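Visitor: Below is one structure. I have some questions about it.
The values are calculated or read from the model by the stated rules, or taken from the named source; none is laboratory data. In this text, all values refer to a predicted model and were calculated from it rather than measured experimentally. Don't worry about glycine lacking a Cβ; one is built from the backbone with ideal geometry, like all the others, and counts go over all protein chains shown. These area figures cover heavy atoms from the full protein model, side chains too; ligands, DNA and RNA do not enter into them. Shrake-Rupley method; radii C 1.70, N 1.55, O 1.52, S 1.80 Å.
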Amino acid sequence: MIRGIHHVAINSPNIDRAIAFYRDAFGFEPVSVEYSWKNMPEMDAALGMTGSAARTRMLRAGNCYIEVFEYSSPPPRGGGALRPHDHGYTHFAVDVTDIRSEIARLKTLGMTFPSVDPLDTGPIKAIYGKDPDGNIIELQELASDHDFALEI
């Protein structure tokens, strides 16, 4: 039985910086001790990799988790973070109540945005931004009567 999506994983070249960013930007707090591995054939088998080595930590805000990794082996492919139109997981969305103030606040923490104004369709205001590693995070502000508004 599937109960729901538990977490999104983010691979960063600097796990400490990523943890600080997600804590300060979105209120994610570590809920586990750091876990690391190297030279573990059973981990390589589970990941489908060879010679993996990494540090990881689970973070939580409300009922949402983010697992942050910093791999030291094997080296990542070049090319940076995925773009919105690339294949694969390209972003996650954060629901906000005042999108303009969140854009301003998140800029002070290192997020960048392609525009000063969010898209405004009336019931939905949204904008994509990038964290310090270039990962895309969508901010969305939904009207309270929207079909997929969060209940708080």
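Visitor: Out of Pro30, Pro41, Pro76, I need the residue that is open to solvent by 70 Å² or more (accessible area, probe 1.4 Å), more than 30 Å from Ser144 (Cα to Cα) and touching a residue at least 24 places away in the same chain (Cβ under 8 Å). Which one?
Guide: Pro76
Visitor: Taking the criterion of being surrounded by fewer than 16 Cβ atoms within 10 Å (Cβ to Cβ), over 20 Å from Tyr22 (Cβ atoms) and touching a strand residue (DSSP E or B) at 6+ places or on another chain (Cβ under 8 Å), would at least one residue in the range 86-97 satisfy it?
Guide: No, because not a single residue in the range 86-97 is surrounded by fewer than 16 Cβ atoms within 10 Å (Cβ to Cβ), over 20 Å from Tyr22 (Cβ atoms) and touching a strand residue (DSSP E or B) at 6+ places or on another chain (Cβ under 8 Å).
Visitor: How about the range 129-141: which of its residues are farther than 19 Å from Ala20 by Cβ and crowded, with 19+ Cβ neighbours inside 10 Å?
Guide: Leu139, Gln140, Glu141
Visitor: Further question on the same structure: Within the range 1-30, which residues are out of contact with any Leu (no Cβ under 7 Å at 6 or more places or on another chain) and part of a loop (DSSP other than H, G, I, E, B)?
Guide: Once the filter is applied, which keeps residues that are out of contact with any Leu (no Cβ under 7 Å at 6 or more places or on another chain) and part of a loop (DSSP other than H, G, I, E, B), the range 1-30 yields Met1, Ile2, Arg3, Gly4, Ile5, His6, Ser12, Pro13, Asn14, Gly27.
Visitor: Identify, by number, the condition in (1) open to solvent by 50 Å² or more (accessible area, probe 1.4 Å); (2) at pLDDT below 95 that Glu67 doesn't meet.
Guide: Only one criterion is unmet by Glu67, namely (1).
Visitor: Please find, among Pro118, Pro123, the residue that is closer than 25 Å to Ala18 by Cα, more than 18 Å from the chain's Cα centre (by Cα) and free of Cβ contacts under 8 Å to residues at least 24 places away in the same chain. Lay out the reasoning, then the answer.
Guide: Details: Pro123 fails: closer than 25 Å to Ala18 by Cα.
One residue alone meets the criteria, Pro118.
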